[in-house]
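Notes follow once the structure below has been shown.
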Amino acid sequence: MKIKMDFVSNSSSTSFVYIAKEMLSKGDFLEAAGVAKDSPVAPLFEDMFRQLRSSIESGTTLGSVEEVDALTGRHDFTPEVLERMRHALKQGKTVTTGKLSSEECLAESVLCMEIFEIESEGFYLNAYDNYW
């Protein structure tokens, strides 16, 4: 898991993209984040997982390269992430965009305050070039 501190604004939400063949599972998320199930921070990361999964389920699934192209020029995603989204669609993967809010529970607020990218064999999750 990569975490990067960056520009801070007065926005209270963060955009993200989730790319995978399957829906995010708790085990895959904890493994990719490097958190053992018996870790003292596991409950916080389990809450993060629940918030992420809920946000993915209520997010927008992009079905075409044209939909990805429509995101070009906005601050939500870097050109590299947009290219990754295009490539994933061509591979038959699901590309979902969504938002997280800092006005929800602690776990979701932490996700909004930290710019992050998580990559594993099974999924890619990026909220790297966003503002809080």
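The values are calculated or read from the model by the stated rules, or taken from the named source; none is laboratory data. All of these numbers come straight from a predicted model, not from anything done at the bench. Cβ: placed from backbone, ideal geometry, glycine included. Neighbour counts: every protein chain shown.
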Looking at region 85-105 only, could you name the residues that are more than 15 Å from ALA127 (Cβ to Cβ) and among the basic types (Lys, Arg)?
ARG86, LYS90, LYS93
LEU24: passes all of (1) under 25 Å from PRO79 (Cα atoms); (2) at pLDDT 95 or above; (3) surrounded by fewer than 16 Cβ atoms within 10 Å (Cβ to Cβ) but (3)
Which numbered condition trips up LEU44, out of (1) among the hydrophobic types (A, V, I, L, M, F, W, C); (2) surrounded by 15 or more Cβ atoms within 10 Å (Cβ to Cβ); (3) in a helix (DSSP H, G or I)?
(2)
Those residues that are of a type outside the set (D, E, K, R), under 25 Å from LEU89 (Cβ atoms) and free of Cβ contacts under 8 Å to residues at least 12 places away in the same chain, I need them from region 26-67; list them, please.
SER54
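Can you tell me which residue in region 1-21 is surrounded by the fewest Cβ atoms within 10 Å (Cβ to Cβ), limited to those that are of a type in the set (Val, Ile, Thr) and modelled with pLDDT of 90 or more?
Only one residue fits best here, namely ILE19.
Residue-by-condition table, conditions (1) within 14 Å of SER55 (Cβ to Cβ); (2) touching a residue at least 60 places away in the same chain (Cβ under 8 Å); (3) under 12 Å from the mean Cα position of the chain (by Cα):
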residue: LEU71; (1), (2), (3): no, no, no
residue: VAL81; (1), (2), (3): no, yes, yes
residue: ARG84; (1), (2), (3): no, yes, no
residue: CYS112; (1), (2), (3): yes, yes, yes
residue: LEU125; (1), (2), (3): yes, yes, yes
residue: TYR128; (1), (2), (3): no, yes, yes
Residue check, VAL35 over 16 Å from LYS99 (Cα atoms), loosely packed, with under 12 Cβ neighbours inside 10 Å and of a type in the set (A, V, I, L, M, F, W, C):
no
